[in-house]
Structures are given as structure tokens and as C-alpha cells.
There are 2 protein chains.
Amino acid sequence: MTLKIAHPTLMIDTRIAQANLQKMVSKAQKHHLKLVPHFKTHQSAEVGEWFRQVGIDAISVSSIKMAKYFASHGWENINIAFPVNIRGVEELNELSKKVNLSFHIVNVESAKYLCESLKHTCQFFIEIDAGYHRTGVSNKDLEKIDQILHKTQGSILHFKGFYIHAGHTYHADAKGLSTIHQTSLNALRQLKAHYINDYPKLICRYGDTPSASIMDDFIGVDELGPGNFIFYDLTQAQIGSCSKGDIAVALACPVVDKNKERREIVIHGGGVHLAKDKLEDKLGAIYGQMVWLSEDRWSAPVEGAYVRSISQEHGILRVSDAIYNQIQIGDVVGILPVHSCMTADAMKAYWTLSGDKIEHLEGLSL
Amino acid sequence: MTLKIAHPTLMIDTRIAQANLQKMVSKAQKHHLKLVPHFKTHQSAEVGEWFRQVGIDAISVSSIKMAKYFASHGWENINIAFPVNIRGVEELNELSKKVNLSFHIVNVESAKYLCESLKHTCQFFIEIDAGYHRTGVSNKDLEKIDQILHKTQGSILHFKGFYIHAGHTYHADAKGLSTIHQTSLNALRQLKAHYINDYPKLICRYGDTPSASIMDDFIGVDELGPGNFIFYDLTQAQIGSCSKGDIAVALACPVVDKNKERREIVIHGGGVHLAKDKLEDKLGAIYGQMVWLSEDRWSAPVEGAYVRSISQEHGILRVSDAIYNQIQIGDVVGILPVHSCMTADAMKAYWTLSGDKIEHLEGLSL
């Protein structure tokens, strides 16, 4: 590794990330979908440039802050994929002066407020809840959809279409995933059939990373909107969206202690670095999996070498006898994250394997 | 509230925080202990000044980065309460040129390396594991302690004493806490008795926030080292270290949607704001508890109004009928955090109730 690592450092393998991107671009092309990726995973202008180079011209983000950041880096078509926060109306007015801005409307109250308060044309998706139950209007609730459409009719707020994020795919097995996918597709198809005459340009945007990576039927969908796929992570590998070899970020962590009795390696790398997302196996919680770092790459993940507990700054890696003996105090090991979006947000910058820094929004003083 | 809140914003009630500080100062005085607080909770030079004003002159931190930050703000006695990361030796040399630096040694390898590599005198604690099993030398392992002392004898590395962080108090009930406390005290007393002749100045530093807040026997201990008490949080309230009224930080979150069927309030406030630490009750996970925000304070926590699920930017608050009807889209509600250290680290700044910003290390471009 060209970079001299003294502290927890988030490494990015740009070859893996760009291959993940290329694969998703091909997938979208194959299905004649416009790829409108979510940028909340990487939150990086420089990573965003890779998307631009493969023809992406529209993106999603998950906050007004992110929208401002990417607008300042030349992105002109930005969807804030979040129930619109009407307290940010001044910033929405600033943004919509400069870019084609859209956001999600999920209630009549926000629609009413914005019709009265926005100064420039904005578009909106009605976010649809087809079973995830986090947010969105139920696909069965045509009355509420009609109310929103009625309220915004003829206003500065233009209806763009329907958006589904089926986040419950993250907790599904292969069969469950397929069921969720079909339910989401059916919801979109029915809504489209119902509203297309009144809104002939309406768009259906869909596709979390599991669905977009694994599924192969997108009839009725116009735009594909995954985010995590640029890096993937252990959660996605468990779902089947990727192999562990497709994971494009790893946290490099100094080894500070070893405990032979417990076969534990203590690393500087805790919740403020990896975040605290976890998976479970028979032996308990998993907060990350170890890889060996070498000059210009990292190894396949080491079997049975998982971060098993985590506190603010400490991580405890439990390993086999053979691995235990190969790791010395003062070494640096890599940890594949459970949830790369959260790890990237916590780390606030990336370092390439050739030692270049890549900025992340959260590392900037804005 | 004087501050106009448009986005998730970490509020600090300085009166509560300073009362928490004063109470801990009194507790330490009562037991003739030197209070050497841990600053990893607040990570703020300005909050640090409150400690200085009540006579604190020595602190703990949990990383070299934090040590550099507080050294640059005039702190001259800094303990990095973490198994020393020997890859940071150059920074340790820079720091120990300027301040009285100590850190934790938990293995002979690090001691050997530092004896050969340090340029200026440093002190070290041997961190003792009396049952937490995260890190540290077992209090039974006198052989390893002797090896570390032998290795550093006559070197630039001076033995300061023993340090215990009994982090398993965080998962204990009242009786368990008392048992852990006595076990820790006994370990320190035995070690002190064993080594005091050879090291007449040796110090025993001890006291996580639960022990320091609740217990009333510290015989054998010289220095008290809690950190979280400055803010406390829901975890500490559950343990019994504080009442919920002692919690000094609350995340102000805009309300973006409501779901009447599920009695859910959707807030902008997710894992990147609160972090993902959780408690559990009969109904499931708790990621925070709601308070009402008013001009110059927040209310007592609202019974049964908990953040029940969380994703990157979303929080889902489940509430009673009565509370549901009192909250409107576009309102701002406060959320008491489950783990204030992690929330502060994620939020990177505080705002006082009178609208002033207080800096946090993570919000700076260093």
C-alpha cells in the first residue's frame, strides 16, 4: 500500500467501484431504463464524476445539504429522494433557481405549503409505499394521491411520477426479494395505468440495490435508482446483490493488541469509523470482515475473521489460530463494512490504493 | 427556540451540562479523588473550557487526533485512554514535545517498540481488565505486568499506574453494577498493594460514568475518569446513572410526514445524525425518546414516544393518539439520544438554546 496508514482510514478500490458502476449501467441499458443513481452512498463530487463519464445526467440525494453540494459541482437534475422537508423552503428556492429540482411529496400538507411558498418550478414524485412501511403513500390510497395531484394542479409544483424504494428487500431472502420486487412492480404498473391518461409523461422510478442488482424484470419501470451498488458491502453480499469481491471500500485499521486466550485482535476502528450496523450469524454479531491489505489491492475476505464487537473507537476481531499468529501488533488490517453508506459518512473521506484522497461531503466545512 | 431549525440540529442545554459537571466535581471532592474526565463524549474545546473553569487540569481522550486537538487548545496533561497505537509514533513524539502525554500499554510489544522509538518522556498506564474483556491486561496476569514494567524500566517511558474502564457496567442492573464496581476496586487495591513499594507514586484511575455516578465507595482509587456524564443519555438513565432530566443534548428534527394508521411520525433524523445505538423494551428497539422543544428549554421526555426505527436519514417515531394529534408536518421535535457520545460525533457541532454554535472536533477540517 502506497499510503502510510497510522489511523483508521477508508480505502477505496477504484477499479472495483468503476466495475460495479459499469455493470449497473449495462443492466439499465439492457432493460431500456434510464439510470438515475442515488448519491447518498458515496456523497463525493469526485466519485460523481465517474458517473458523469458514463453518461449519467440525473441523480438522487437524501437531503437538502447533499443537493446543494452536488448542485455546486455541476449536477443539474437532482431529486431529493426524501419526504420534502418544508422547513428548508428557502434553500429549495435557492436550489430551484439553478437546477432542475425534484423531491418527494407524501402528504397534502406539504403540497399545500409548497404551492404557496415556492418561487420557481419544482417537480415532485409521489413516493409510494408498496409494503416497506417506512414512508410514502400506500399504493392503495388513490384518494390521497388524488388529493396531492389536485392540490398541485396548475401550480408551480409539477407532478413527475411515482417513486418506490422497497427497503425491506434488505431483510429478505431470495424468495422474499422476488415477492417484494413483483409487488413493487405491480403497484407501479397499476398506478401508471390509472394515471397515464391524465399525466402522459409520468415516470416510474424504482430500484434499490438488491432489486436492481438481482432482478431481471422491470417492465413498467422507466428509471432505475439504486445507490449502494457503487461500493456494495457485507449486507449486500448476504442478500446476494454482489459477491464479497465486489465490495469497493475497506476500512484500514491499526492493530493495537492481541488476546491469545480469546483469539481476539484489538483494532483501532470502532463505531465512529465503521458505524454500528451489524449482521448476525450463529456466533453472534458481525460488524465487519477482515481482509489482508497489500500494495495495490486487498485479499478475498478471510473466512471466520469478523469484527464481533465494537465500541466508540475499539473494534474486536475474532479469528482462527492460524490467522491469529499471522497478525502482529502494529500491523494494519482491512475491514469490509456491513453498511458502506454509513461507514463512508462516518469516515468523511476516501483514500485510493495509490494514495490519493477523494473527498466526501461530510469532510468539508460547509 | 431562538434558533431557526431547518435541518437535524444537535441542541445542548448548557445549564444541564454544567450542573452535571458540578455534581461530578462535588462527587470527586467528597471522595478525595482527582477528577480526570474523558473528553471523547463532547470532543469540544469550548465545552472543555467549562471543565477548566471548575479546576480540571488533566483529561483523557481516545485517539491521537483528539489529543492533538485538545493540546492545541491549551491542555497540558493528556492521557490517550486507548491501547497505544504504535503506528502513530511520530505524532506521539510531536505531542510529547509539548504536553505531558500518557497512554495505555497493554502488551510488551508496544512497550518495546516505544522504548526504542520515543524521543521525549511519556507516561503510561497499564490498562487492567478486571472482567470487561474488551482490552487490557488481566489483573491476575502479574507476569505480563512485570514484563511491561521490566521492559520500560529506566527508559523514556514512565509507569504512571493502573487504569480500569469497566465498560460492562453499561449492560448491568443495579446489583450487577455493584458487583462489577467491587471487583474493579478489589483488582486495583490488590495491584496497588503489590506494586506500591516499587512505584510509590503509582496512581489508580477508574470510573466509567455509571460507577462514578452511582457508587459511593472509592477507597484505593486516586483519580476518577468518567466522560459521558457531561451529557448523559437514555442508556445512562436506564442504568440509573442519571434521570432523563439530566440529559443535556437533544437532536432537533423536522417532521416530514405522519402515518395515522400506524401512529407514526416520520422525522428527518436518522443513523447519520443519532447513530444507531439502541435500547430495547417490550415493544422492540428504541433509538431515542421525544421531547417537546420550546423557547429556552425542552420538556420532560414524552412517555411512549420513542424512535422505533431508523435508516440513514429517516427516523420513525411511534406515539400515542394524543401525541399524534399534537404534532404537525413542518414542526420540529426533540429526540433524546440513546448514546450521546455517538450522536455528538455524528452531528459534529452543538447549538445552544440561545442560538450559539459550539464546535466539535469532527466538524473541523484538520
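The values are calculated or read from the model by the stated rules, or taken from the named source; none is laboratory data. Bear in mind that the values here come from a model prediction, so they are computed numbers and not experimental data. Note: ideal-geometry Cβ built from the backbone for every residue, glycine included; neighbour counts use all protein chains shown.
If A:Lys40 passes every condition in (1) closer than 30 Å to B:Glu91 by Cβ; (2) within 14 Å of chain B (Cβ to nearest Cβ) but one, which one does it miss?
Here A:Lys40 clears every test but (1).
Given the criterion touching a Pro at 6+ places or on another chain (Cβ under 6 Å), aliphatic (A, V, I, L, M) and either farther than 17 Å from B:Gly227 by Cα or surrounded by 16 or more Cβ atoms within 10 Å (Cβ to Cβ) (or both), identify the matching residue among B:Val99, B:Val89, B:Val84, B:Val106.
Being touching a Pro at 6+ places or on another chain (Cβ under 6 Å), aliphatic (A, V, I, L, M) and either farther than 17 Å from B:Gly227 by Cα or surrounded by 16 or more Cβ atoms within 10 Å (Cβ to Cβ) (or both) holds for just one of B:Val99, B:Val89, B:Val84, B:Val106, which is B:Val106.
So which residues in segment B:303-330 are among the hydrophobic types (A, V, I, L, M, F, W, C), within 14 Å of chain A (Cβ to nearest Cβ) and surrounded by fewer than 22 Cβ atoms within 10 Å (Cβ to Cβ), if there are any at all?
Across segment B:303-330, the qualifying residue is only B:Ile327.
Only residues that are part of a helix (DSSP H, G or I), charged (D, E, K, R) and touching a Ser or Thr at 6+ places or on another chain (Cβ under 9 Å): list them for segment A:10-37, please.
A:Lys23, A:Lys27
Is it the case that some residue within segment A:289-296 is among the hydroxyl-bearing types (Ser, Thr, Tyr) and surrounded by fewer than 18 Cβ atoms within 10 Å (Cβ to Cβ)?
Taking segment A:289-296 and keeping what is among the hydroxyl-bearing types (Ser, Thr, Tyr), we get A:294.
Okay, now just the ones that are also surrounded by fewer than 18 Cβ atoms within 10 Å (Cβ to Cβ), so A:294.
Looking through segment A:289-296, at least one residue is among the hydroxyl-bearing types (Ser, Thr, Tyr) and surrounded by fewer than 18 Cβ atoms within 10 Å (Cβ to Cβ).
Looking at B:Asp277, B:Asp246, B:Asp257, B:Asp233, which is the one that is surrounded by fewer than 21 Cβ atoms within 10 Å (Cβ to Cβ) and either free of Cβ contacts under 8 Å to residues at least 12 places away in the same chain or of a type in the set (Asp, Glu) (or both)? I'd like the intermediate steps shown before the answer.
Details: B:Asp277 fails: surrounded by fewer than 21 Cβ atoms within 10 Å (Cβ to Cβ); B:Asp257 fails: surrounded by fewer than 21 Cβ atoms within 10 Å (Cβ to Cβ); B:Asp233 fails: surrounded by fewer than 21 Cβ atoms within 10 Å (Cβ to Cβ).
Just one listed residue meets the conditions, B:Asp246.
Residue under question is B:Gly270, and the condition is that it be closer than 30 Å to B:Ala193 by Cα, in contact with a strand residue (DSSP E or B) (Cβ under 6 Å, 6 or more places away or on another chain) and either assigned by TED's automatic domain parsing to the domain that holds B:Gln43 or buried (at least 24 other Cβ atoms within 10 Å of the Cβ) (or both); does it hold?
Criteria not met by B:Gly270.
In segment B:171-187, which residue that is closer than 20 Å to B:Gly240 by Cβ and buried (at least 20 other Cβ atoms within 10 Å of the Cβ) is farthest from the chain's Cα centre (by Cα)?
Ranking the qualifying residues of segment B:171-187, first place goes to B:Leu185.
Residue-by-condition table, conditions (1) surrounded by 24 or more Cβ atoms within 10 Å (Cβ to Cβ); (2) aliphatic (A, V, I, L, M); (3) at pLDDT 95 or above:
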site	(1), (2), (3)
B:Gln29	no, no, yes
B:Glu49	no, no, yes
B:Val54	no, yes, yes
B:Asp57	no, no, yes
B:Val61	yes, yes, yes
B:Gly74	no, no, yes
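Residues being free of Cβ contacts under 8 Å to residues at least 24 places away in the same chain and assigned to a loop (DSSP other than H, G, I, E, B): count how many of those fall in segment A:324-363.
Of the residues in segment A:324-363, 2 are free of Cβ contacts under 8 Å to residues at least 24 places away in the same chain and assigned to a loop (DSSP other than H, G, I, E, B).
Out of the residues in segment B:352-366 meeting the condition of being surrounded by fewer than 19 Cβ atoms within 10 Å (Cβ to Cβ) and of a type in the set (D, E, K, R), tell me which one is nearest to the other protein chains (Cβ to nearest Cβ).
That would be B:Glu359.
Can you name the residue in segment A:31-47 that is under 16 Å from the mean Cα position of the chain (by Cα) and among the aliphatic types (A, V, I, L, M) and is also surrounded by the fewest Cβ atoms within 10 Å (Cβ to Cβ) among such residues?
A:Ala45
Just a yes or no: is a residue in segment A:138-156 under 24 Å from A:Phe39 (Cβ atoms), touching a strand residue (DSSP E or B) at 6+ places or on another chain (Cβ under 7 Å), surrounded by 18 or more Cβ atoms within 10 Å (Cβ to Cβ) and in the same structural domain as A:Ala58 (by TED's automatic domain parsing)? Write out each step before concluding.
We begin by selecting, within segment A:138-156, every residue under 24 Å from A:Phe39 (Cβ atoms); these are none.
No, every residue in segment A:138-156 fails to be under 24 Å from A:Phe39 (Cβ atoms), touching a strand residue (DSSP E or B) at 6+ places or on another chain (Cβ under 7 Å), surrounded by 18 or more Cβ atoms within 10 Å (Cβ to Cβ) and in the same structural domain as A:Ala58 (by TED's automatic domain parsing).
Would you check if B:Ala248 is at pLDDT 95 or above and within 17 Å of B:Leu35 (Cβ to Cβ)?
Here the answer is no, as B:Ala248 does not meet what is asked.
Quick check on segment A:46-68. Is at least one of its residues out of contact with any Cys (no Cβ under 6 Å at 6 or more places or on another chain), closer than 16 Å to A:Asn100 by Cα, of a type in the set (Ser, Thr, Tyr) and part of a loop (DSSP other than H, G, I, E, B)?
Within segment A:46-68, one or more residues are out of contact with any Cys (no Cβ under 6 Å at 6 or more places or on another chain), closer than 16 Å to A:Asn100 by Cα, of a type in the set (Ser, Thr, Tyr) and part of a loop (DSSP other than H, G, I, E, B).
Only one residue in A:Lys4, A:Lys34, A:Lys27 is closer than 30 Å to B:Glu90 by Cβ and not acidic (Asp, Glu). Which one?
Only one candidate qualifies: A:Lys4.
State all residues of segment B:280-297 that are free of Cβ contacts under 8 Å to residues at least 40 places away in the same chain and either of a type in the set (A, V, I, L, M, F, W, C) or within 11 Å of chain A (Cβ to nearest Cβ) (or both); if no residue qualifies, say none.
B:Leu283, B:Ala285, listed by residue number.
Among the residues of segment B:104-129, how many are in contact with a Phe, Trp or Tyr (Cβ under 6 Å, 6 or more places away or on another chain) and free of Cβ contacts under 8 Å to residues at least 40 places away in the same chain?
The number of residues fulfilling the criteria is 1.
For B:Ala6, are the conditions met, namely being more than 14 Å from chain A (Cβ to nearest Cβ) and either in contact with a helix residue (DSSP H, G or I) (Cβ under 6 Å, 6 or more places away or on another chain) or closer than 25 Å to B:Pro337 by Cα (or both)?
no
Considering each residue of segment B:220-277, count those that are away from chain A (no Cβ under 14 Å) and among the aliphatic types (A, V, I, L, M), and give that number.
Residues meeting the conditions: 11.
Kindly state which helices (runs of 4 or more DSSP H) lie completely within segment B:189-296 and contain at least 2 residues that are under 17 Å from the mean Cα position of the chain (by Cα) and hydrophobic (A, V, I, L, M, F, W, C).
Helices (runs of 4 or more DSSP H) meeting the threshold: B:209-214, B:234-239.
Could you say which residue among A:Ala349, A:Ala300 is within 12 Å of chain B (Cβ to nearest Cβ), closer than 23 Å to A:Ile230 by Cβ and hydrophobic (A, V, I, L, M, F, W, C)?
Numbers: A:Ala300 fails: within 12 Å of chain B (Cβ to nearest Cβ).
Just one listed residue meets the conditions, A:Ala349.
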